[in-house]
Structures are given as C-alpha cells and as structure tokens.
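Okay, structure first, notes after.
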Amino acid sequence: MEEEIAETLARRALEAREKAHAPYSNYRVGAALLARSGRIYTGCNVENASYGLTVCAERVAIFKAVSEGEKDFTAIAVATSNGAPPCGACLQVMAEFVEDFSSFQVILVNAEGQWRTLTLRELYPHGFTSRFLWEEK
C-alpha cells in the first residue's frame, strides 16, 4: 500500500474518532475503510447504556459501506488512544468481506497519529469463513 494512502486513512480514522459517542468507557475509536472503488467510509464507536448494544467503529464503517453497495475492501485504519487492534467481532466482520486475508491491510493508529500496518491474516490467522481453510492460500 502506498504510504500516502495509509496516511490518508490514518488521518480520516483520527477525525472519525473525534465523533465517537463513548460516555461510559471514554474509549474513543475511529475507523476509515477503503473500498476497492477508491471511496473511503468512516465510522466511530457508538456506546449505549445497555452496553451490549454498543457498536464498534470498524463495524459502523463496514456497515455504512455495505449499505451503499460496496462489498470489496482493501484496507481499514483504526484509531484508538493506544493503537490497539480491532476486537474479535470486528475482525470476524472484516473476514466476511475480505477474499484474501493476506492482502487486506489493517492500519493501527494511536492518538498521536503514529501508525503501523498489519494484515488481516496476521491479526486473525484462523478467521471463520464459509470457505475451507485448506482452500485458502
């Protein structure tokens, strides 16, 4: 991935993080998802007093994109205070829409704007898909 694209996604994720509704945990998260079409979809975490109804930033971005007709993604940036990776639920949702775990880039961004890139394969090596593991290369 070109550094300029990664930097754009990191910046957009940080901007989305500012919109988070996190009155209970105060753990603000933003995400910026790059579709193969070139369009970027953003999301932020939205907490709820009934905590199980909280939705993560990554899923908000993915669901926004899917609701607009996109289903082919190449990268996502996730901005948190400490550059933490996505939770298991978000990784599983990514797995639903990613053909090749080894090429999908996950950019982890901290509050200072520092970032690093991992693949979905590195973060979720045995993610559940409808495809058999031995069919993946």
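A few notes on this one:
- Sulfur and carbon atoms: percent of accessible area, the chain [1.4 Å]: 52 percent
- Options (1) 27, 20, 14; (2) 22, 17, 14; (3) 38, 13, 11 - which one matches semi-axes √(5λ) of the Cα gyration tensor in Å as calculated here: (2)
- Rounded to 0.05, the FRET efficiency of the Asp100 and Ser50 pair, given R0 = 41 Å and the Cβ-Cβ distance, is 0.65.
- DSSP bridge orientation in the chain - percent antiparallel, rounded to nearest 5: 75 percent
- Cut-off of 10 Å, at most 10 other beta carbons, DSSP loop: longest stretch of the chain lacking such GluC sites (Glu not before Pro): 19-111
- Proximity of backbone amide H atoms, modeled 1.01 Å from N, is registered between Ala75 and Leu34, Gln105 at under 5 Å, excluding neighbours fewer than 5 places apart on the same chain.
- Rolling a 1.4 Å probe over the protein heavy atoms leaves Lys19 with an accessible area of roughly 150 Å².
- Rounded to 10°, Cα long-axis angle of helix 57-67 versus longest principal axis of the chain: 60 degrees
- Full-stretch length increase - Ser67, Thr129 - with 0.36 nm per residue and alpha-carbon distance subtracted: 20.2 nm
- The stretch 112-127 - phi-based ³J(HN,Hα) in whole Hz, Karplus 6.51/-1.76/1.60, Gly and Pro as x: 7, x, 6, 9, 9, 10, 10, 9, 4, 4, 5, 7, 9, x, 10, x
- ³J(HN,Hα), Karplus 6.51/-1.76/1.60, whole Hz, each residue of the stretch 69-79, x for Gly, Pro: x, 8, 9, 10, 10, 10, 6, 9, 10, 10, 10
- Applied to the stretch 83-89, the Karplus parametrisation 6.51 cos²θ - 1.76 cosθ + 1.60 on θ = phi - 60° returns per-residue 3J(HN,Hα) values of x, 5, x, x, 6, x, 4 Hz, with x for Gly and Pro.
- For the chain: accessible area per residue (Å², 1.4 Å): 54 Å²
The values are calculated or read from the model by the stated rules, or taken from the named source; none is laboratory data. Remember, predicted model here, so these are calculated numbers, not experimental data. Glycine also receives a Cβ, built like all others from the backbone with ideal geometry; neighbour counts cover every protein chain displayed. With ligands, DNA and RNA removed, areas are computed over all heavy atoms of the protein, side chains included. Shrake-Rupley method; radii C 1.70, N 1.55, O 1.52, S 1.80 Å.
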